[in-house]
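The block underneath contains the structure these notes are about, expressed in structure tokens.
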Amino acid sequence: MSETALPETLSRWLAGRGLRGNPFDRWNAEYEKELSEYFVDLAGFDERLRLELLRSTVPCVVFAQRGCGKTAQRQMLAAHCRPLAKNSSWLAVPYTYGGFERALRSAGDDVQQVRPLHHADALLNLALKALSRESKQDRKVKKALESPDIAPGLAAYAARFAPHLADALSTSESKGPLDVLDSVEILQGFSGLLQGVGLDLCVVLVDGLDEFLPTGDD
């Protein structure tokens, strides 16, 4: 049912419970902008646990059947990070369909040929986009990105992973090519840039791999 065609009785019922829209209007939490307004915690996976996960540097995998709230939990984790939480020291980078597609294209559309560097390429493209958005809405981040300690390294990352953002992110000359580094070293280097900007962590939120056509049945 469209939100624009809600019956008057339903509109009153929702309003009486403090809701500005119909929480059942969308089947996928991916498209729900006001999820935090009516999200109901699961037993054992609540706000306390989400904060623990965000503070941890150990990867975590959440298993659940389709439709049981994995994407909703990912959205709730992202709500504690930038760009949604303006004062957070964590930057959230959702690695979903667009990222998977980029990694797959880099591997010649052969899922068997996807390697860590393909994922690193896709992740850093998304992370640089997120960092570019942050620089536009936070003067401190923008100033830090333009500092002599950060700008050359940032220029190198932008040139390789997000060329279309190179001019927007940095006017400095590139520090040097990243081709000699492996995927772990590349990601560690970017993490160092973020810390130089004043952000503690880049939180990568992988979601939807089970629904991505090339991997959905495997």
For the range 33-43, take each phi angle, set θ = phi - 60°, evaluate the Karplus expression 6.51 cos²θ - 1.76 cosθ + 1.60, and give the result in whole Hz per residue in order, putting x for glycine and proline.
-> 6, 10, 4, 5, 5, 9, 5, 10, 5, 8, 4
What length, rounded to one decimal in nm, is gained on full extension from S11 through to E185, with 0.36 nm per residue of separation minus their alpha-carbon distance?
-> 57.3 nm
Per-selection Rg to Rh, the range 17-89 - Cα, Kirkwood hydrodynamic radius | 0.96
Using a ≥ b ≥ c from the Cα gyration tensor of the range 81-174 (square roots of the eigenvalues), is it rounded, prolate or oblate, where a/c under 1.5 gives rounded and otherwise the larger of a/b and b/c decides, a/b for prolate?
-> oblate
Mean-square fluctuation maximum in Gaussian network of the chain, Cα pairs under 10 Å, restricted to Y97, Y38, Y157, hits Y38
Here the gain from full extension of F24 to S89, 0.36 nm per residue of separation minus their alpha-carbon distance, amounts to 20.2 nm
Sorting R12, R82, R115, R20 by accessible area (1.4 Å probe), largest first, what list results?
-> R20, R12, R115, R82
For the range 7-12, in order, what is each residue's ³J(HN,Hα) by Karplus, 6.51 cos²θ - 1.76 cosθ + 1.60 with θ = phi - 60°, in whole Hz (x at glycine and Pro)?
-> x, 4, 5, 5, 4, 5
Given Cα pairs under 8 Å that are at least 6 residues apart, what percent is the relative contact order of the chain?
-> 19 percent
Would you mind checking which residues have amide H under 5 Å from V206's amide H? H placed 1.01 Å from N; only 5 or more apart, or other chain.
-> Y95
Backbone N within the range 12-40 under 16 Å of label point (7 Å from E47 Cα along the Cβ vector) | 35-40
Per DSSP, the loop-located GluC sites (Glu not before Pro) within the range 33-127 having at most 16 other beta carbons within 10 Å are E34
Once you charge only the Cβ atoms, +1 for Lys and Arg and -1 for Asp and Glu, what is the size of the charge dipole of the chain about its Cα centre, to the nearest 20 debye?
-> 780 debye
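The values are calculated or read from the model by the stated rules, or taken from the named source; none is laboratory data. Quick caveat, the model's predicted, so the values are computed rather than measured. Don't worry about glycine lacking a Cβ; one is built from the backbone with ideal geometry, like all the others, and counts go over all protein chains shown. Please note that ligands, DNA and RNA were not included when accessible areas were found on the heavy atoms of the full protein model with its side chains. Shrake-Rupley method; radii C 1.70, N 1.55, O 1.52, S 1.80 Å.
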